[in-house]
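K.L.:
Below you will find the structure I want to go over with you.
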Amino acid sequence: MSARATFLGHSGVLLESGAHRVLIDPFLTGNPLAARKAEEMDVTAIVLTHGHADHFGDTESIAKRCGAPVYAAHEICEFLAERGHDKCEGMNPGGKVETAFGFVALTQAFHSSSYEGRYMGMPCGAVVSIGGITFYHCGDTGLFSDMKLIGEIYKPQVAFVPIGDRYTMGPELASRAAEFIGAPIAVPVHYKTFPLLRQDAKGFEPKGVTVRELSPGESIELG
């Protein structure tokens, strides 16, 4: 069993294994660092951590064009149904849905979630199992000690950890988060994209964890 993870810029990640292509937080249009264009994406599922525009991004257009189910907070699914895409699996933190590629589970995250002034449910992290490999995308969040419990329960091989500061953890707190999670590999996300965010990964140095700083479009393969 194996899987490939490609960093698309900001917090966007594409997970691939066999015929399955799972897209997380597809903010591509308007993202100055995006590695792909929305119209180039051919995916079989989309996972959203929360409703902010820099994560919801191109979800609607990609999901409709590809006929892809969206795994997200219940309120996001209600919004998408109103916009004509009812192929959506509404969830909430603590919930888990078995899928053709493995499973999607949502975790808590400490942040906010809205889109164009509308409440989009609880912000979440997402645990995605595909190709026998488990990935934990923290979403946008501050540090919380239950990250250690999430790591113990799901045992992810890779954690995508926000380090940009101001709206999420900065590198120092993100380092503690990666240590709590305990995944062998940590990939920093949610930085560089805009001037208000940290422009480098300096200080993201979790002990006992290999940091893989990926440029947009760069991939890692496991398994």
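The values are calculated or read from the model by the stated rules, or taken from the named source; none is laboratory data. For clarity, every value in this text was computed on a predicted model and none was experimentally measured. Methodologically, a virtual Cβ is constructed for each residue, glycine included, from the backbone with ideal geometry; neighbour enumeration extends over all protein chains shown.
K.L.:
I need the full set of residues from segment 171-189 which are within 17 Å of the chain's Cα centre (by Cα) and either outside any helix (DSSP H, G or I) or under 19 Å from G9 (Cβ atoms) (or both), in order please.
P.N.:
Residues satisfying the conditions are A174, A183, I185, A186, V187, P188, V189.
K.L.:
Only one of these conditions is not met by E60: (1) within 24 Å of D146 (Cα to Cα); (2) of a type outside the set (S, T, N, Q); (3) surrounded by fewer than 23 Cβ atoms within 10 Å (Cβ to Cβ). Which number is it?
P.N.:
For E60, the failing item is (1).
K.L.:
Return the total of residues in segment 97-110 being over 14 Å from the mean Cα position of the chain (by Cα) and over 15 Å from P69 (Cα atoms).
P.N.:
1
K.L.:
I've got another one for you. What are the pairs with Cβ atoms under 7 angstrom where one residue, in segment 141-164, is more than 21 Å from S2 (Cα to Cα) and the other, located anywhere, is hydroxyl-bearing (S, T, Y) and part of a strand (DSSP E or B)? Sequence gap at least six, or different chains.
P.N.:
I150/T107; I150/Y136
K.L.:
Quick one: which residue in V104, V47 is crowded, with 24+ Cβ neighbours inside 10 Å and either in contact with a Leu (Cβ under 9 Å, 6 or more places away or on another chain) or more than 15 Å from I24 (Cβ to Cβ) (or both)?
P.N.:
That would be V47, the only listed residue that is crowded, with 24+ Cβ neighbours inside 10 Å and either in contact with a Leu (Cβ under 9 Å, 6 or more places away or on another chain) or more than 15 Å from I24 (Cβ to Cβ) (or both).
K.L.:
Sort out which residues of segment 83-98 are of a type outside the set (K, R) and either at pLDDT 95 or above or in a strand (DSSP E or B) (or both), and write them in order of number.
P.N.:
Matches in segment 83-98: G84, H85, C88, E89, G90, M91, N92, P93, G94, G95, V97, E98.
K.L.:
Then there is this: Does L80 qualify as being among the aliphatic types (A, V, I, L, M), in a loop (DSSP other than H, G, I, E, B) and farther than 23 Å from I133 by Cα?
P.N.:
No; evaluated as a whole, the condition is false for this residue.
K.L.:
If I filter segment 77-92 down to residues being under 19 Å from the mean Cα position of the chain (by Cα) and either among the aromatic types (F, W, Y) or surrounded by 19 or more Cβ atoms within 10 Å (Cβ to Cβ) (or both), which single residue comes out as nearest to G57 (Cα to Cα)?
P.N.:
In this case the residue turns out to be L80.
K.L.:
Can you pull out every residue in segment 165-192 that is surrounded by fewer than 21 Cβ atoms within 10 Å (Cβ to Cβ) and over 12 Å from G142 (Cα atoms)?
P.N.:
E179, F180, G182, P184, I185, K192
K.L.:
In segment 111-160, how many are surrounded by 18 or more Cβ atoms within 10 Å (Cβ to Cβ), in a loop (DSSP other than H, G, I, E, B) and of a type in the set (S, T, Y)?
P.N.:
Of the residues in segment 111-160, 2 are surrounded by 18 or more Cβ atoms within 10 Å (Cβ to Cβ), in a loop (DSSP other than H, G, I, E, B) and of a type in the set (S, T, Y).
K.L.:
Within the group A72, A68, which residue is assigned to a strand (DSSP E or B), touching a Ser or Thr at 6+ places or on another chain (Cβ under 9 Å), of a type in the set (A, V, I, L, M) and modelled with pLDDT of 95 or more?
P.N.:
A72
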